Amino acid sequence: MTPEDRFVEALQRFLPDCAGVWVGPGDDAAVVAPRPGSLAATTDLLVEGIDFLPTEEPERLGRRALAVNLSDLAAVGARPEFFLLSIAFPRQRGDDYALGIVRGAISQAMRFGTCLVGGDLSRAPSVVISVALWGQPAGKPLLRSGARPGDEIWLSGQPGRAAAGLRLAQQVSSGNPSWPSSFSEGASQLLAAYRDPDPRIGLGLWLAAHGTASAAIDVSDGLGMDAGRLARASGVRAVLERDKIPIHPALATFAEIESVDPFEWILSGGDDYELLFTAPPEARPALNEVHPEWEYSVTRVGHIEAGEGAVLRDRTGDREISHLGYDHFEEAR
């Protein structure tokens with residue numbers, strides 16, 4: 001038996017049973033029986049040194065790798081069903097490292113009834129994790145296009161925490177943390193936002209099933225840049241109102257410690273995996289209702305008007321923010 005065969009055998013021991021999966025990991029290809037209807041599909045890569053630090057734990061990487069793909073399905077209002085997971089890693093990390101990534105991905109998948117059906121392994125100079133994920137839209141798919149002047153802009157959660165968490169993780173990795181002991185709880189909250197993002201599947205499904213949103217996008221590269229993408233796809237201007245954008249207390253405190261404006265992280269930090277969406281004003285009562293199953297806030301943060309681009313508006317005027325965010329063809333985060 002080859003080392004790869006032993007790895008697959010070890011993996012199969014902790015795979016949960018999944019309805020609709022006729023052939024799972026271990027054969028030449030997966031065979032699944034998806035529900036009738038359309039499928040949504042997405043894929044993402046995580047590259048060591050670009051998308052995560054070399055010191056990150058493998059289980060956490062597996063959870064995060066799947067979460068960023070789940071966020072894409074949330075943005076189109078689709079229920080995740082099955083995924084492929086491929087891992088390339090240096091030989092010295094050992095097979096237990098790759099199995100840890102798989103365990104993390106499966107633990108994330110089980111939260112949403114999603115099944116691992118296959119993947120691939122390879123040796124590489126550094127770690128690369130690839131996920132391909134499929135799911136079924138809960139209604140008419142949500143798109144970036146569709147926003148119209150007069151629509152309101154809504155945002156889940158509190159962006160900027162992941163970018164602050166990355167700053168903290170970098171300090172921990174270098175052995176030079178700069179925050180006081182009184183900030184330990186806040187630091188843990190920000191680190192969790194970066195290391196273990198929570199995809200907004202429930203919100204995306206609700207928006208699609210009720211036909212509430214006119215347009216939607218997941219905030220993965222920065223609120224400014226992703227608001228600009230939604231505006232460009234819809235042919236409108238997105239106006240974010242500074243005083244309506246929620247700031248998490250831990251983010252505000254760490255920004256003070258670091259002597260930075262928290263909006264630097266909110267607008268350009270990325271890795272939030274929140275949903276930014278638009279809806280007509282008549283949807284406001286339903287969106288303002290308490291939805292305890294979401295376990296996060298949904299806040300009205302602006303509006304759509306005629307024009308182009310995305311701006312942050314306050315009493316001093318408008319600031320163009322479409323360029324603020326992470327470009328995958330530029331430098332590492």
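Observations on the model:
- Among residues of the range 100-120, those that are within 16 Å of Asp44 (Cα to Cα) and part of a strand (DSSP E or B), counted: 4
- Residues that are over 30 Å from Ser188 (Cβ atoms), in a helix (DSSP H, G or I) and of a type outside the set (Gly, Ala, Ser), drawn from the range 221-253: Arg229, Leu230, Arg232
- The residues of the range 90-99 that are out of contact with any Leu (no Cβ under 8 Å at 6 or more places or on another chain) and part of a helix (DSSP H, G or I), listed by number, are Arg91, Gln92, Arg93, Asp95, Asp96, Tyr97.
- Options Gly100, Gly113; residue that is assigned by TED's automatic domain parsing to the domain that holds Ala33, buried (at least 16 other Cβ atoms within 10 Å of the Cβ) and among the small types (Gly, Ala, Ser): Gly100
- Flag: Pro149 does not match the condition of being within 16 Å of Leu205 (Cβ to Cβ) and in a loop (DSSP other than H, G, I, E, B).
- Leu275 fulfils the conditions (1) of a type outside the set (S, T, N, Q); (2) within 16 Å of Ile217 (Cβ to Cβ); (3) over 18 Å from the mean Cα position of the chain (by Cα) except for a single criterion, (3).
- Val298 buried (at least 19 other Cβ atoms within 10 Å of the Cβ) and more than 24 Å from the chain's Cα centre (by Cα): no
- The numbered conditions (1) closer than 21 Å to Thr42 by Cα; (2) in a helix (DSSP H, G or I) are all true for Ala163 except (1).
- Only one of Val172, Val117, Val127 that is modelled with pLDDT of 95 or more and over 21 Å from His210 (Cβ atoms): Val127
- A Cβ distance below 7 Å, combined with a sequence gap of six or more or placement on separate chains, defines the contacts here; from the range 304-333, residues that are under 16 Å from Leu230 (Cα atoms) and among the hydroxyl-bearing types (Ser, Thr, Tyr) reach residues that are surrounded by 16 or more Cβ atoms within 10 Å (Cβ to Cβ) and modelled with pLDDT under 90 in the pairs Tyr326/Gly270; Tyr326/Arg333.
- Any hit, the range 71-80, residues being of a type outside the set (Lys, Arg) and without any contact (Cβ under 8 Å) to a residue 12 or more places away in the chain: no
For (1) in contact with a Leu (Cβ under 9 Å, 6 or more places away or on another chain); (2) surrounded by 22 or more Cβ atoms within 10 Å (Cβ to Cβ); (3) not assigned by TED's automatic domain parsing to the domain that holds Ser297, each residue gets a yes or a no:
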{"residue": "Val172", "(1), (2), (3)": "yes, no, no"}
{"residue": "Ser184", "(1), (2), (3)": "no, no, no"}
{"residue": "Leu190", "(1), (2), (3)": "yes, yes, no"}
{"residue": "Leu223", "(1), (2), (3)": "yes, yes, no"}
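- Within the range 87-102, residues that are free of Cβ contacts under 8 Å to residues at least 60 places away in the same chain sit with their Cβ atoms under 8 Å from residues that are acidic (Asp, Glu) and in a helix (DSSP H, G or I), at 6+ positions apart or across chains, in these pairs: Gly100/Glu59; Ile101/Glu59.
- Among the residues of the range 254-270, those identified as part of a helix (DSSP H, G or I) and among the acidic types (Asp, Glu) are Glu256, Glu258, Glu264.
- Any hit, the range 116-127, residues being under 17 Å from Arg60 (Cβ atoms) and among the charged types (D, E, K, R): no
- Looking at Ala283, Ala227, Ala231, Ala252, just one residue is farther than 28 Å from Ala65 by Cβ, in contact with a strand residue (DSSP E or B) (Cβ under 7 Å, 6 or more places away or on another chain), at pLDDT 95 or above and of a type in the set (Gly, Ala, Ser), and that residue is Ala231.
The values are calculated or read from the model by the stated rules, or taken from the named source; none is laboratory data. Owing to the predicted nature of the structure, the values given are computational and were not obtained by experimental measurement. When we count neighbours, we look across all protein chains shown, and the Cβ atoms used for this are built from the backbone with ideal geometry, even at glycine.
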